[in-house]
Protein chains: 2
Amino acid sequence: MTTTSSSSATTLGSGVHDRALRARAHRVIPGGMYGHLAVEKTQLPTNFPQFYETAVGAHVRDVDGNEYIDLMCSWGPVLLGYAHPAVEEAVRRQMSLGDINNGPSARLVELAELLVDTVAHADWAIFGKNGTDATTACCTIARAATGRTKILKATTAYHGSNPTFTPIPAGVTDADRVNIVEFAFNDLASLEAAAAENDGDVAAVIVTPFFHDGFGDLASVDPAFAAGVRALCDRIGAVLILDEVRAGFRLDVRGSWERIGVRPDLSAFSKALGNGYPISAITGTDQLRDAADSVYLTGSFWLQSVPMAAAIATVHELVNTGGVEHMNSLGQRLVTGLRAVAEDHEVPLIVSGEVTMPKIRFVDDPDLRLANVFCSTALDFGVFLHPWHNWFVSAAHTEGTIDAALTAAAAGASAVRQSL
Amino acid sequence: MTTTSSSSATTLGSGVHDRALRARAHRVIPGGMYGHLAVEKTQLPTNFPQFYETAVGAHVRDVDGNEYIDLMCSWGPVLLGYAHPAVEEAVRRQMSLGDINNGPSARLVELAELLVDTVAHADWAIFGKNGTDATTACCTIARAATGRTKILKATTAYHGSNPTFTPIPAGVTDADRVNIVEFAFNDLASLEAAAAENDGDVAAVIVTPFFHDGFGDLASVDPAFAAGVRALCDRIGAVLILDEVRAGFRLDVRGSWERIGVRPDLSAFSKALGNGYPISAITGTDQLRDAADSVYLTGSFWLQSVPMAAAIATVHELVNTGGVEHMNSLGQRLVTGLRAVAEDHEVPLIVSGEVTMPKIRFVDDPDLRLANVFCSTALDFGVFLHPWHNWFVSAAHTEGTIDAALTAAAAGASAVRQSL
């Protein structure tokens, strides 16, 4: 695949294939598409493609042959780069043996051992498919362990698309949410108040490693807040669940809060664990082993061997190549460069979040008009940047792809400047 | 792989690899294994392996090199046989393009079109990963469409492993079940009573194509009951959800109730749709299109192209080769043969369920002692039969493999006779 390294716009395909597929999709899929990848429903700029053909490394190609340097990584799962050779080789090797069977293969044990060795708090692991499988299992295990019902979560924090956690209320009943209590992220007083109001019935606090949801700016965790969550859980006998579904393996392979010295009781992993292959994981401490054993956790495809082989290869490759350090170095280059672009072009661009998962926002841009001009222009320059969701850096990015992204961002900033 | 076609016992592996993996698993997985594939927790006979190495066609091989004619099909997903050439070729072709991306590929539209063309009631389709994703989405869509809360289900019917439907109560709260109301399968009066007790608040009736859960005998649906469910839903404005996760594509590709002239409003498919690749589907009518469009349905891996390519190949192959008819013919041979074996050996064996998904039970065998003797002996003769769950026939079975299974069943019946 080619990359865009100059400031000239790529020759974009006509979009004729994308339009034709959208028309067909509208006939056989409600609204033409569902979920977070639906470009029309999520109001992405009109030049964003809906349908893709292929992807390699840090590049994706749409069905009209347009190629983009990609900073979404399939919304997180792609950690080492698309079609990573070591992962694909492990997949091919496992496929030649088998995938699904009447029971698991040895890959299950090997992957559980690898996570127990890698993730600092983990004494055991259980595997599912969706991130929501893992967050749901964590809540159920916490309730089984404590005999309590309430789960405390941060306001607007996303922990899955099921009726308990979905941000969209259609079809959700009061009963789906009656045991969910909200607090403000990084605000220990609000957490203490939520716990006090449910004294004796708090099963768990579920929290993301940093605040990465909602339409405002993202926020790193205040180490004092994380320590306070741990202390509160210890004091009241509640379970601390770290929802690593989005952030896992991009901040620290040992667990995202290991750097600040706070260990959860349970973690939910998914997205990046298998470099795009479908798998999620619950890891936990010995104290919760019996509770985990008591809960019925299963699914038709949960013991597939191929995604487990992919996950083993992904974690090994990440660790052996210093992937987290590489991503952080490039993420720092990206964020620093974006801020320089904003200053050069005198546009009010805010970059927030962890550097491997940054998010942009323009000041006084509630309808995203400026963000859309910025990202639409960058797309015309061959770089996929998202106007309202955090981006994802992968280990397949290089200084060259990041600099090309910054060139496109400069074009975007110039367009924003002109539109102000 | 070799098959066992004589009555002599195969030379079984020592089980040393299986035992070693179990010991390792007990250290890093709560209870050593989770879910429905856990042989110790589900109390399978001690000679049943926990860990498998490979599978081809109608045969599986465990980690000690023991080969079995398989009548479990990975608990349903394997429809055409393990590693089916047409499916694997479609998978390889799609893998050479790509799997996960920033949006779906054309496979999404092609598969939705194929299901709309194939499933009689379907005007649209949406795809997830787990069967539980599909059953949950059906309930949420029904609630969004009706503005009501209650879901009516048959007693002991399994519709997923989430807290709403799991058969195991650990970690489940009252709120998880407060909107679930039970009736007796094939008992229209009990359904009418459940609906009347929740007059004005019934969002949906969810029902399996035949009664395939619980530890008793299975039961085909009474056509008058199915028609009565349809009439009740029409009368009270509730949504009829057919949970095809287990039975789908083994009874009728058009939908399992098409043979009796009853069409649901929503169907949940999974297991067999992708011949083992992880995918589930919700199909629905135009009347529910807007409601489906209003619900947030998404997951990190829900738009993978490889399982969609597998599903397209699976449905085409099933239809083009008359797979359902083939499975039904062999299933009839299996069930007839089992009843003859029981008569020949004078053992009180009951065979119930649809012939492609039969279940065995011995009379007066509440602790499964006789069922375990039967299946344990059959396993020693190289055939995997399950003592308390329904079996699954695949299109890879032949008269030869079914007859070999019956030879093993005869050995099992002989052992049961001796133990009576």
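The values are calculated or read from the model by the stated rules, or taken from the named source; none is laboratory data. Note that the structure is predicted; figures quoted are calculated from it, not measured. Note that each Cβ is placed from the backbone with ideal geometry, even for glycine, and that neighbours are counted across all protein chains shown.
Going by the conditions given, is B:Val78 at pLDDT 95 or above and more than 30 Å from A:His26 (Cα to Cα)?
Yes; evaluated as a whole, the condition is true for this residue.
Working carefully through the options B:Ala219, B:Ala231, find the one that is under 30 Å from A:Asn102 (Cα atoms) and more than 13 Å from chain A (Cβ to nearest Cβ).
Every option except B:Ala219 fails the conditions.
Need at least 2 residues that are among the β-branched types (Val, Ile, Thr) and touching a residue at least 60 places away in the same chain (Cβ under 8 Å) per element, so show me which strands (runs of 3 or more DSSP E) inside the stretch A:211-325 make the cut, counting only ones lying wholly within it.
Because the criterion is at least 2 residues that are among the β-branched types (Val, Ile, Thr) and touching a residue at least 60 places away in the same chain (Cβ under 8 Å), the strands (runs of 3 or more DSSP E) in the stretch A:211-325 that meet it are A:239-243, A:280-284.
For the stretch B:60-86, how many residues are within 11 Å of another protein chain (Cβ to nearest Cβ) and out of contact with any Lys or Arg (no Cβ under 8 Å at 6 or more places or on another chain)?
Number of matching residues: 12.
Take B:Asp99 and tell me if it is more than 9 Å from every other protein chain (Cβ to nearest Cβ), in a loop (DSSP other than H, G, I, E, B) and either in contact (Cβ under 8 Å) with a residue 12 or more places away in the chain or closer than 30 Å to B:Leu385 by Cα (or both).
When the stated conditions are applied, B:Asp99 does not pass them.
Which one is surrounded by the most Cβ atoms within 10 Å (Cβ to Cβ), of the residues in the stretch B:46-59 that are at the interface with chain A (Cβ under 7 Å from one of its Cβ atoms) and not in a strand (DSSP E or B)?
B:Pro49
Going by what's in this entry, would B:Gln43 be described as under 27 Å from B:His389 (Cβ atoms), within 10 Å of chain A (Cβ to nearest Cβ), of a type outside the set (Ser, Thr, Tyr) and assigned to a loop (DSSP other than H, G, I, E, B)?
no
Collect the residues in the stretch A:166-199 that are within 10 Å of another protein chain (Cβ to nearest Cβ) and either assigned to a loop (DSSP other than H, G, I, E, B) or at pLDDT below 95 (or both), keeping them in residue-number order.
Correct list: A:Thr166, A:Pro167, A:Ile168, A:Pro169, A:Ala170, A:Gly171, A:Val172, A:Thr173, A:Val178, A:Asn179.
Restricting attention to the stretch A:250-261, does a residue exist that is within 12 Å of another protein chain (Cβ to nearest Cβ) and either within 20 Å of the chain's Cα centre (by Cα) or of a type in the set (Gly, Ala, Ser) (or both)?
Scanning the stretch A:250-261, I find no residue that is within 12 Å of another protein chain (Cβ to nearest Cβ) and either within 20 Å of the chain's Cα centre (by Cα) or of a type in the set (Gly, Ala, Ser) (or both), so the answer is no.
Considering only the stretch A:168-181, how many residues are surrounded by 19 or more Cβ atoms within 10 Å (Cβ to Cβ) and of a type in the set (D, E, K, R)?
Here the count works out to 1.
Please work out if B:Val28 is touching a residue at least 12 places away in the same chain (Cβ under 8 Å), surrounded by 22 or more Cβ atoms within 10 Å (Cβ to Cβ) and within 7 Å of chain A (Cβ to nearest Cβ).
Answer is no for this residue.
Would you check which residues across the stretch A:281-313 are within 27 Å of A:Ala204 (Cα to Cα), touching a Ser or Thr at 6+ places or on another chain (Cβ under 6 Å) and more than 8 Å from chain B (Cβ to nearest Cβ) and list them?
The answer is A:Thr283, and nothing else.
Can you name the residue in the stretch B:134-158 that is within 7 Å of chain A (Cβ to nearest Cβ) and assigned to a helix (DSSP H, G or I) and, of all such residues, is farthest from B:Leu232 (Cα to Cα)?
Out of the qualifying residues, it is B:Thr136.
Can you confirm whether A:Ser376 is in a helix (DSSP H, G or I) and either hydroxyl-bearing (Ser, Thr, Tyr) or under 15 Å from the mean Cα position of the chain (by Cα) (or both)?
It is true that A:Ser376 is in a helix (DSSP H, G or I) and either hydroxyl-bearing (Ser, Thr, Tyr) or under 15 Å from the mean Cα position of the chain (by Cα) (or both).
What number of residues within the stretch A:31-62 are of a type in the set (A, V, I, L, M, F, W, C) and in contact (Cβ under 8 Å) with a residue 60 or more places away in the chain?
Going through the stretch A:31-62 one residue at a time, the tally reaches 4.
Kindly list the number of the only condition in (1) at pLDDT 95 or above; (2) not assigned by TED's automatic domain parsing to the domain that holds A:Thr407 that fails for A:Ser5.
All conditions are met except number (1).
Quick check on my filter: what residues within the stretch A:82-114 are in contact with a Ser or Thr (Cβ under 7 Å, 6 or more places away or on another chain), small (Gly, Ala, Ser) and either buried (at least 23 other Cβ atoms within 10 Å of the Cβ) or not assigned by TED's automatic domain parsing to the domain that holds A:Thr298 (or both)?
The one that is in contact with a Ser or Thr (Cβ under 7 Å, 6 or more places away or on another chain), small (Gly, Ala, Ser) and either buried (at least 23 other Cβ atoms within 10 Å of the Cβ) or not assigned by TED's automatic domain parsing to the domain that holds A:Thr298 (or both): A:Ser105.
If I filter the stretch A:24-35 for residues that are closer than 25 Å to A:Lys271 by Cα and modelled with pLDDT under 95, do I get at least one hit?
yes
Restrict the check to the stretch A:345-359 and report whether at least one residue is buried (at least 19 other Cβ atoms within 10 Å of the Cβ) and without any contact (Cβ under 8 Å) to a residue 24 or more places away in the chain.
Within the stretch A:345-359, one or more residues are buried (at least 19 other Cβ atoms within 10 Å of the Cβ) and without any contact (Cβ under 8 Å) to a residue 24 or more places away in the chain.
So is B:Val202 more than 23 Å from A:Asn179 (Cβ to Cβ), within 14 Å of chain A (Cβ to nearest Cβ), crowded, with 19+ Cβ neighbours inside 10 Å and in contact (Cβ under 8 Å) with a residue 12 or more places away in the chain or not?
yes
Give B:Phe211, B:Phe215, B:Phe165, B:Phe185 a once-over and let me know the one that is surrounded by fewer than 20 Cβ atoms within 10 Å (Cβ to Cβ) and closer than 28 Å to B:Pro366 by Cα.
The unique qualifying residue is B:Phe215.
Quick one: how many residues across the stretch A:102-129 are facing chain B (nearest Cβ under 7 Å) and outside any helix (DSSP H, G or I)?
Looking only at that region, the number is 8.
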